[in-house]
Amino acid sequence: MLTLEDRLTRLTLAPEAGGSLAGWHAVDSGLPLLRPSSAGDLASGSPRRLACYPLVPWSNRIDRGGFANPGGWLALAPNSPGEPYPIHGSAWQQAWTTLEHGAQHAHLVLDSASPFPYRAEQRIALDEGRLDLELEVRHLGDAPAWYGLGLHPYLPRTPATRLQALASGVWHETGRQLPERYVALPAEWDFSEPRALPQTTVDHAFDGWDGRCRILQPDAGYTLECRAEGAGLFLLYTPQEREFFCFEPVSHPINAHHLPGRPGLRLLEPGQRLRLGWSMHYRPW
């Protein structure tokens, strides 16, 4: 476990658990700004029970048992219990190494051979209540490969929680957890002004995003002002009867490897890089 702290917030990291964030709290009140991790959550070693983890070299689910790279078909098996598809790439299931760690910053790295060779890096910093995450990947394989990036933050949720984020449409799924069509933004999912989270389970990618969002927590007396770079979509996950929701900045829709034109994916040649930035600024009221 690593700890970063500035005047307003304290961040804990669990590099060996998939390069994850384990918690982010306000210093004065102890209020959680990301979903808090219990001792049992930490002991599990599962990033899906922590506060945030990186998505490399793709986000979310891929069907058809793999996808085509220029060098040939890449076969993939489901990689998480209860999931019928491979999900979220491979970086979250490997231990990361700490290259540098200071009072307010950390630099984590992962050299991976699966599903193809790449080096992923996270640069994490705190500054006056602002958490900055920079995720970068460099392709190390001999042949080109398709890449996407994302981050998977879990956020506290109460009946008072409000979300504001602009989008133009949704990659809609109808039961298979894979998008079946792109539709204009439904009125009930229009978050252009702050509104409560849906009472039903939503697990969709919202496209046409400008990279900005606000998460208002009136019960706790603060707002998170967020901004992404290199992410043209966000994935919203609102499980029923849970005390969290997920707002994930991502570079591509779910199953983009099999959508026409592979929207949001990048074909990286050997040595080329792809980057995603994400900032969350804690604003107490």
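A Cβ distance below 6 Å, combined with a sequence gap of six or more or placement on separate chains, defines the contacts here; from segment 171-185, residues that are of a type in the set (Val, Ile, Thr) reach residues that are at pLDDT below 85 and loosely packed, with under 15 Cβ neighbours inside 10 Å in the pairs Thr174/Glu180.
Of everything in segment 174-185 that is out of contact with any His (no Cβ under 6 Å at 6 or more places or on another chain) and assigned to a strand (DSSP E or B), the residue that is nearest to Ser59 (Cα to Cα) is Pro179. Taking segment 45-79 only, how many residues are closer than 18 Å to Glu16 by Cβ and at pLDDT below 95? Number satisfying all stated conditions: 1.
Of the residues Pro57, Pro86, Pro47, the single one that is touching a helix residue (DSSP H, G or I) at 6+ places or on another chain (Cβ under 6 Å), buried (at least 22 other Cβ atoms within 10 Å of the Cβ) and not hydrophobic (A, V, I, L, M, F, W, C) is Pro47.
Residues in segment 253-261 include none that are of a type outside the set (D, E, K, R), under 20 Å from Leu133 (Cα atoms) and in contact with a strand residue (DSSP E or B) (Cβ under 7 Å, 6 or more places away or on another chain). Entry remark, segment 186-222: residues being in contact with a Leu (Cβ under 7 Å, 6 or more places away or on another chain), outside any strand (DSSP E or B), at pLDDT 95 or above and buried (at least 17 other Cβ atoms within 10 Å of the Cβ) number 3 in total. Could you pull out the residue among Leu4, Leu21, Leu11 that is modelled with pLDDT of 95 or more and within 13 Å of the chain's Cα centre (by Cα)? When all the criteria are applied, what remains is Leu21. Among the residues of segment 221-242, just one is among the hydroxyl-bearing types (Ser, Thr, Tyr) and free of Cβ contacts under 8 Å to residues at least 40 places away in the same chain, namely Tyr237.
What are the residues in segment 95-122 that are surrounded by fewer than 18 Cβ atoms within 10 Å (Cβ to Cβ), under 19 Å from the mean Cα position of the chain (by Cα) and not aliphatic (A, V, I, L, M), if any? Matches in segment 95-122: His107, Arg119. When segment 223-262 is filtered for residues that are touching a helix residue (DSSP H, G or I) at 6+ places or on another chain (Cβ under 9 Å) and either charged (D, E, K, R) or assigned to a loop (DSSP other than H, G, I, E, B) (or both), only Arg262 remains. Selection of first residues in segment 243-267 that are over 29 Å from Ala51 (Cβ atoms) and of second residues that are aliphatic (A, V, I, L, M), restricted to Cβ pairs under 8 Å at least 6 apart or on distinct chains, gives the following pairs, ordered by first then second residue: His258/Ile62; Arg262/Ala256; Leu267/Ala145. Note on segment 243-278: residues that are of a type in the set (S, T, N, Q) and either within 17 Å of Thr161 (Cα to Cα) or surrounded by 20 or more Cβ atoms within 10 Å (Cβ to Cβ) (or both) total 2.
Condition first: at pLDDT 95 or above, β-branched (Val, Ile, Thr), in contact with a Pro (Cβ under 7 Å, 6 or more places away or on another chain) and part of a strand (DSSP E or B). Can you find one or more residues in segment 125-142 that meet it?
Within segment 125-142, one or more residues are at pLDDT 95 or above, β-branched (Val, Ile, Thr), in contact with a Pro (Cβ under 7 Å, 6 or more places away or on another chain) and part of a strand (DSSP E or B).
Annotation: of all residues in segment 133-161 being among the charged types (D, E, K, R) and more than 14 Å from Leu33 (Cα to Cα), the one that is surrounded by the fewest Cβ atoms within 10 Å (Cβ to Cβ) is Asp142.
Determine whether Glu121 is free of Cβ contacts under 8 Å to residues at least 12 places away in the same chain, over 23 Å from Arg283 (Cα atoms) and either among the acidic types (Asp, Glu) or in a loop (DSSP other than H, G, I, E, B) (or both). Considered against the rule, which asks whether it is free of Cβ contacts under 8 Å to residues at least 12 places away in the same chain, over 23 Å from Arg283 (Cα atoms) and either among the acidic types (Asp, Glu) or in a loop (DSSP other than H, G, I, E, B) (or both), Glu121 comes out as no. Checked against the criterion of being surrounded by fewer than 22 Cβ atoms within 10 Å (Cβ to Cβ), at pLDDT 95 or above, farther than 18 Å from Glu134 by Cα and β-branched (Val, Ile, Thr), segment 231-242 has at least one qualifying residue.
Put simply, of Glu269, Glu225 the only residue that is more than 20 Å from Ala145 (Cβ to Cβ) and modelled with pLDDT of 95 or more is Glu225.
The values are calculated or read from the model by the stated rules, or taken from the named source; none is laboratory data. Keep in mind that what you see is a predicted model, and the values were worked out from it rather than measured. Every residue, glycine among them, receives a Cβ derived from its backbone with ideal geometry; neighbour counts consider all protein chains shown.
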